[in-house]
Every structure is written in structure tokens, then in C-alpha cells.
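The values are calculated or read from the model by the stated rules, or taken from the named source; none is laboratory data. Small disclaimer: the values here were computed from a predicted structure and weren't measured. Neighbour counts are summed over all protein chains in view; Cβ atoms, including those assigned to glycine, are modelled from backbone coordinates with ideal geometry. Calculation scope for accessible area: heavy atoms of the full protein, side chains included, ligands and nucleic acids excluded. Shrake-Rupley method; radii C 1.70, N 1.55, O 1.52, S 1.80 Å.
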Amino acid sequence: VYPKERGTPYKLLPFVVVLSPAAIEVLETLFPVPNSQPQSRKKDRMQEKIAEEEMVTPGEVLGKGSEVKAGRGAYIAPYNNTVYASLTGRRCIVPSSPESPDQRPTVEVIGHKAHGPVPEPGCVVIARVTKVMARMASADIMCVGSKAVREKFSGIIRQQDVRATEIDKVDMHTSFRPGDIVKASLSLGDARAYYLSTAQNELGVVSAESMAGGTMVPISWTEMQCPLTGQIEQRKVAKVGA
Amino acid sequence: MEAKPSSNLSSKFVDQVVVPGDVILDLSSMANQTIKLGGGLRQDGDSISVMKAGTLRFTKPNKYWVESSHKRYVPCAGDNVLGVVVDTKPENFLVDIRGPALAFLPVLAFEGGTRRNIPKFEVGTLLYVRVVNANTGMNPELSCMDASGKAAEYGVLKEGYMFESSTGLSRMLLSSPPYPVLEALGKKLSFEIAVGINGCFWVNASQSSTVILVGNAIQKSESLSMVQQKIYLEKLLKSIQ
């Protein structure tokens with residue numbers, strides 16, 4: 001453990017030891033770690049939260065579906081109606097609000113690391129288009145709402161999700177180009193990528209560069225103009241501002 | 001690309017060699033007309049300048065472009081090209097047309113093509129295809145049918161051999177009146193030839209020696225002048241008698 005070099009005294013170097021969960025619990029009772037809650041859960045601070053000191057790992061049983069509801073970091077398996085954890089962290093039980101008809105408490109798992117924002121279905125994201133193909137465009141999600149993400153999330157804008165009218169006559173090339181910044185709404189999609197939709201007036205290309213290199217100015221629902229050359233290029237433009 | 005004002009006189013650089021940076025037209029002294037700029041030209045405010053080295057060409061009433069010969073092909077909608085199949089996917093064949101990106105040939109883009117009779121192309125099959133669209137940033141899309149849906153001459157090219165040349169030579173081979181080398185060879189030998197505008201051509205004949213002869217003659221003729229071509233061909237055809 002201690003490297004021995006000629007002529008130098010022994011140095012105490014830090015070293016890593018892997019402990020069993022039981023040993024971790026013992027250490028935690030001796031040296032308790034302050035419970036840090038991630039910022040995105042502000043609204044939950046209104047209700048009382050009892051964060052247990054016990055760490056749970058993905059797959060651990062948190063309770064029965066008839067007794068508890070599955071919250072964040074937990075899911076309910078339909079075949080045996082049991083709530084399992086899907087994240088590593090501390091189990092936390094949120095009591096139900098007195099008005100709701102369902103009086104079961106919600107069990108959640110609070111991760112011990114602060115993660116960046118994760119896209120949720122229905123939120124509006126800002127993405128950069130990376131590749132445009134005949135029937136879809138792929139995009140890298142950069143912001144969820146107004147917060148930048150910390151990991152890479154891929155999204156796909158399908159031909160039928162570009163606009164609300166005449167969806168089978170959409171030409172992807174006149175809607176997006178690689179490098180465009182788009183505002184889109186998100187849905188969960190498949191295993192490879194989230195599905196993004198720009199089928200509303202406020203969604204679509206927010207910022208784009210022309211072929212000459214200038215940042216283009218939107219002039220209509222479907223056209224943007226380059227200030228350097230005056231050329232008009234076609235995009236699916238988002239309606240920004242009042 | 002279009003520019004708003006234009007000129008009655010054509011530029012004095014027409015049919016001359018131009019290099020990037022040359023200004024061929026000054027629009028500030030022109031009346032209100034439209035000129036059409038083809039490849040290799042760019043509008044910078046009031047002046048039209050050259051982006052690609054080559055020969056400036058002009059056709060009436062108002063088209064300017066720069067013609068040059070490259071070994072590299074830039075796909076353009078409407079071109080007839082030779083492609084080699086490199087991969088098969090469920091919806092498309094991936095075809096190499098010697099451009100910056102692989103092109104997609106949809107499996108249904110054949111005359112009478114349905115899901116039941118999808119052609120089976122092996123990797124390495126040579127095809128004569130038409131470029132349907134070649135948007136920037138996207139892979140070009142191909143088709144084995146002409147615009148009206150008929151097979152025309154598109155499809156697999158069996159046997160024979162594909163030779164590489166440059167885009168300039170392909171344009172010369174396809175020009176009318178016919179290229180003198182082709183005429184002279186055609187009088188003495190019988191062969192069939194398919195020219196792709198992407199810088200390659202395919203030759204087939206009953207004997208391989210004919211194929212080699214025709215291919216080499218065409219490739220060599222690109223660097224010879226008209227007179228030299230005549231002398232070369234005479235010598236060549238005499239030697240095979």
C-alpha cells in the first residue's frame with residue numbers, strides 16, 4: 001500500500017477501500033452525511049419528506065403497489081404490482097396531500113449526485129440539428145426549458161412531426177438544415193432517441209446560419225433571409241416573441 | 001442563384017480562363033435585368049466574382065458559369081451517373097457515385113417496382129442511375145427511372161469495364177456534335193459505352209481487347225489536342241488491322 005522509495009520516509013497516501021453495504025451503514029451512523037436535495041425538487045419541499053438513511057439500488061423493492069405510489073426514481077411493475085427503485089440513492093416517502101382521493105404515500109428515490117436536467121415528456125427543449133435525411137432530422141438536445149443539460153441526449157424530428165398541416169408533403173430540406181437551432185416539444189420516443197415535434201406556431205427554427213455564414217432573419221412562417229447576401233432560404237420558422 | 005441587376009454586354013472574360021478572385025461583372029453600372037449565375041460564381045454586393053478556377057462560359061440571354069474539369073464530382077439534381085453498390089439496407093441501396101457522400105437508391109425506384117420484386121444487387125454491382133435530388137448536407141437520392149417513370153436506359157450494366165476519367169472528359173464525350181474520338185473508334189470497332197457525368201464511363205464489347213483499346217484511347221485523348229488526337233487514332237487503328 002505504501003510505495004517504498006530509497007531514501008524517502010514512508011508517505012501516507014490516500015487509498016480506496018471497497019466496503020460492503022453493511023459496513024457503509026455502520027460508517028454512516030458514525031459519520032452522518034448531510035442530506036443534499038437537488039434543486040429541481042423545489043415544489044416537493046412544501047410537503048414533508050422523510051429521507052431515510054438507507055441507500056437503495058435499482059431493482060430493490062420499495063413497497064407494494066396497493067400501499068404506495070411510484071414517484072421519481074421508482075416504477076411499478078404491472079405483473080406483480082410491486083414498486084421497485086430505478087435509481088441509486090436514498091428512499092424517501094412523501095405523504096399524500098389531504099385533498100386527493102388516493103391516500104397512498106408516494107415513494108421516491110433521491111439520487112446522491114446532483115444530475116443535470118433530464119428531458120421529460122411534454123417539455124419544450126432547444127436542440128441543434130445535426131443531420132437531415134429524407135424522412136427525419138436528428139438533433140442534439142442542448143437545453144431543457146431554460147437549463148442546459150449535462151449529458152448528451154439525442155432527438156429525432158420525424159417528417160410527420162414537423163408541422164400540423166399536410167404532413168405527408170413535408171420536405172425535410174426546406175424545413176431544417178444541419179446546424180439550425182430549433183425549439184421543439186419532446187415525447188419519449190424509442191430506445192435510440194427522443195421524438196421531437198415542431199408542429200406548433202411557437203416551435204421550429206429559432207436561429208440559423210445562411211450558406212454565406214450570416215445569422216438569418218425570419219421573414220415569414222417558412223422563410224429566412226441572410227443579411228449579408230439577401231438570399232432567402234426556407235425553414236420551418238418558430239414564432240418568437242409577443 | 002439569381003442577382004437583380006444585369007448588363008446588356010456580356011463580360012469580357014467569356015471563354016477565357018478565370019481564377020478565384022477575378023471580378024467578371026460590375027453590377028453598379030447596369031440596368032434592371034436578371035442574370036443567372038451558375039456554378040463557380042458568387043455575388044459580393046455589386047460585383048460578381050469567381051470562386052472556382054476554369055473557363056467562363058455564357059449563353060444568351062443571361063446565363064454565366066465557370067466550367068472546369070475535376071476528378072471529384074459534386075452531385076447535382078438531374079445528372080446521369082455511374083454508381084457502384086456498396087451496401088444494402090431495408091429501404092435503400094447505398095451507392096458510391098464518387099461524390100462527397102454515399103447516395104441512397106430507394107428499393108422501389110425501378111420501373112414496376114413493388115415490395116415483392118425488389119432487385120437483389122450484390123456489393124460491387126455497377127448501375128447507371130439518375131440523381132433525383134442532391135441537397136446540401138443530405139445524401140443524394142437516386143432513381144433507376146426517368147422523370148416519367150419509365151426504365152429508359154437505367155439499371156445494371158453487365159460485363160464490360162468501368163474506366164475513370166474527369167468530369168470535363170465526361171462532358172466532352174456527351175457533347176453534340178459527337179466527340180471525334182468516339183466517332184473514329186465507332187467507324188472501325190463495335191462497342192457500347194455509357195458515360196456518367198461523375199467522371200467515369202463504361203465500355204463493353206465482344207472482345208476484351210476492344211474494351212481495353214477503346215478505354216485507353218478515350219482516357220489518353222483528354223490531354224491531346226485535335227490534331228494530336230487524329231494522329232494518335234490513325235496509328236492505333238492501323239496497328240490493330
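Based on what the data block shows, is B:Pro90 in the same structural domain as B:Asn133 (by TED's automatic domain parsing), in a loop (DSSP other than H, G, I, E, B) and farther than 25 Å from A:Glu233 by Cβ? Working first, answer last.
Working: in the same structural domain as B:Asn133 (by TED's automatic domain parsing): yes; in a loop (DSSP other than H, G, I, E, B): yes; farther than 25 Å from A:Glu233 by Cβ: yes.
Criteria met by B:Pro90.
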For B:Thr59, all conditions in the list (1) open to solvent by 60 Å² or more (accessible area, probe 1.4 Å); (2) out of contact with any Ser or Thr (no Cβ under 6 Å at 6 or more places or on another chain) hold save one; what is the number of the exception? (1)
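Filter the range A:144-170 for residues that are in contact with a Cys (Cβ under 9 Å, 6 or more places away or on another chain) and either small (Gly, Ala, Ser) or within 14 Å of chain B (Cβ to nearest Cβ) (or both) and give the result. Explain how you work it out, then say what you get.
Taking the range A:144-170 first, the residues in contact with a Cys (Cβ under 9 Å, 6 or more places away or on another chain) are A:144-145, A:149.
Of everything in the range A:144-170, just one residue is in contact with a Cys (Cβ under 9 Å, 6 or more places away or on another chain) and either small (Gly, Ala, Ser) or within 14 Å of chain B (Cβ to nearest Cβ) (or both), namely A:Gly145.
Here's the yes/no breakdown for (1) among the basic types (Lys, Arg); (2) at pLDDT 85 or above; (3) on the phi > 0 side of the Ramachandran plot:
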{"site": "B:Pro5", "(1), (2), (3)": "no, no, no"}
{"site": "B:Ser68", "(1), (2), (3)": "no, yes, no"}
{"site": "B:Lys71", "(1), (2), (3)": "yes, yes, no"}
{"site": "B:Asp79", "(1), (2), (3)": "no, yes, no"}
{"site": "B:Phe93", "(1), (2), (3)": "no, yes, no"}
{"site": "B:Gly99", "(1), (2), (3)": "no, yes, no"}
{"site": "B:Val107", "(1), (2), (3)": "no, yes, no"}
Among the candidates B:Gln229, B:Gln219, single out the residue that is assigned to a helix (DSSP H, G or I), surrounded by 18 or more Cβ atoms within 10 Å (Cβ to Cβ) and not assigned by TED's automatic domain parsing to the domain that holds B:Tyr128. B:Gln229
Pick from the range A:171-187 the residues that are assigned to a loop (DSSP other than H, G, I, E, B) and touching an Asp or Glu at 6+ places or on another chain (Cβ under 9 Å): which of them is nearest to the other protein chains (Cβ to nearest Cβ)? A:Arg177
Across (1) open to solvent by 50 Å² or more (accessible area, probe 1.4 Å); (2) part of a loop (DSSP other than H, G, I, E, B), A:Tyr75 clears everything bar (2)
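Away from chain A (no Cβ under 14 Å), of a type outside the set (S, T, N, Q) and under 29 Å from B:Gly54 (Cβ atoms): which single residue out of B:Tyr154, B:Tyr128 fits that description? Let's see the steps before the verdict.
Values: B:Tyr154 fails: under 29 Å from B:Gly54 (Cβ atoms).
Answer to the check: B:Tyr128.
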Which one of the conditions (1) touching a residue at least 12 places away in the same chain (Cβ under 8 Å); (2) in a loop (DSSP other than H, G, I, E, B) does B:Pro61 fail to meet, given that it meets all the rest? (1)
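In the range A:200-240, which residues are basic (Lys, Arg) and either closer than 28 Å to B:Asp46 by Cβ or in contact with an Asp or Glu (Cβ under 9 Å, 6 or more places away or on another chain) (or both)? Steps first, please.
Of the range A:200-240, the ones basic (Lys, Arg) are A:235-236, A:239.
Within the range A:200-240, A:Arg235, A:Lys239 qualify.
Looking only at the range B:32-44, count how many residues are open to solvent by 50 Å² or more (accessible area, probe 1.4 Å) and either within 15 Å of B:Val66 (Cβ to Cβ) or at the interface with another protein chain (Cβ under 9 Å from one of its Cβ atoms) (or both).
Step one: filter the range B:32-44 for residues open to solvent by 50 Å² or more (accessible area, probe 1.4 Å), giving B:32-34, B:36, B:42-44.
Then keep just the ones that are either within 15 Å of B:Val66 (Cβ to Cβ) or at the interface with another protein chain (Cβ under 9 Å from one of its Cβ atoms) (or both); that gives B:36, B:42-44.
Here the count works out to 4.
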Mind checking which residues of the range A:191-216 are buried (at least 16 other Cβ atoms within 10 Å of the Cβ), of a type outside the set (Gly, Ala, Ser) and in a loop (DSSP other than H, G, I, E, B)? A:Thr198, A:Leu203, A:Met216
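Given the criterion in a strand (DSSP E or B) and either in contact with a Gly (Cβ under 9 Å, 6 or more places away or on another chain) or open to solvent by 30 Å² or more (accessible area, probe 1.4 Å) (or both), identify the matching residue among B:Ala152, B:Ala194. Break it down into steps so the answer makes sense when it comes.
Numbers: B:Ala152 fails: in a strand (DSSP E or B).
Checking each option against the conditions leaves just B:Ala194.
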Only one of A:Ala238, A:Ala191, A:Ala199 is within 29 Å of the chain's Cα centre (by Cα), more than 22 Å from B:Asn135 (Cα to Cα), outside the structural domain of A:Lys169 (by TED's automatic domain parsing) and not charged (D, E, K, R). Can you tell me which? A:Ala238
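Given the condition among the aromatic types (Phe, Trp, Tyr), outside any loop (DSSP other than H, G, I, E, B) and either buried (at least 18 other Cβ atoms within 10 Å of the Cβ) or more than 14 Å from chain B (Cβ to nearest Cβ) (or both), answer yes or no: does some residue in the range A:217-227 qualify? Steps first, answer last, please.
Just the residues of the range A:217-227 that are among the aromatic types (Phe, Trp, Tyr), to begin with: A:221.
Checking the rest, the ones that are also outside any loop (DSSP other than H, G, I, E, B) come to none.
Checked the range A:217-227: no residue is among the aromatic types (Phe, Trp, Tyr), outside any loop (DSSP other than H, G, I, E, B) and either buried (at least 18 other Cβ atoms within 10 Å of the Cβ) or more than 14 Å from chain B (Cβ to nearest Cβ) (or both).
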Report yes if A:Pro98 is without any contact (Cβ under 8 Å) to a residue 12 or more places away in the chain, within 26 Å of A:Tyr195 (Cβ to Cβ) and outside the structural domain of A:Met142 (by TED's automatic domain parsing), otherwise no. no
Kindly evaluate A:Gly116 against the criterion of being assigned to a loop (DSSP other than H, G, I, E, B), open to solvent by 30 Å² or more (accessible area, probe 1.4 Å) and away from every other protein chain (no Cβ under 14 Å). no
Where residues in the range A:119-152 are in contact with a strand residue (DSSP E or B) (Cβ under 6 Å, 6 or more places away or on another chain) and assigned to a loop (DSSP other than H, G, I, E, B), which of them is farthest from A:Tyr75 (Cα to Cα)? A:Cys123
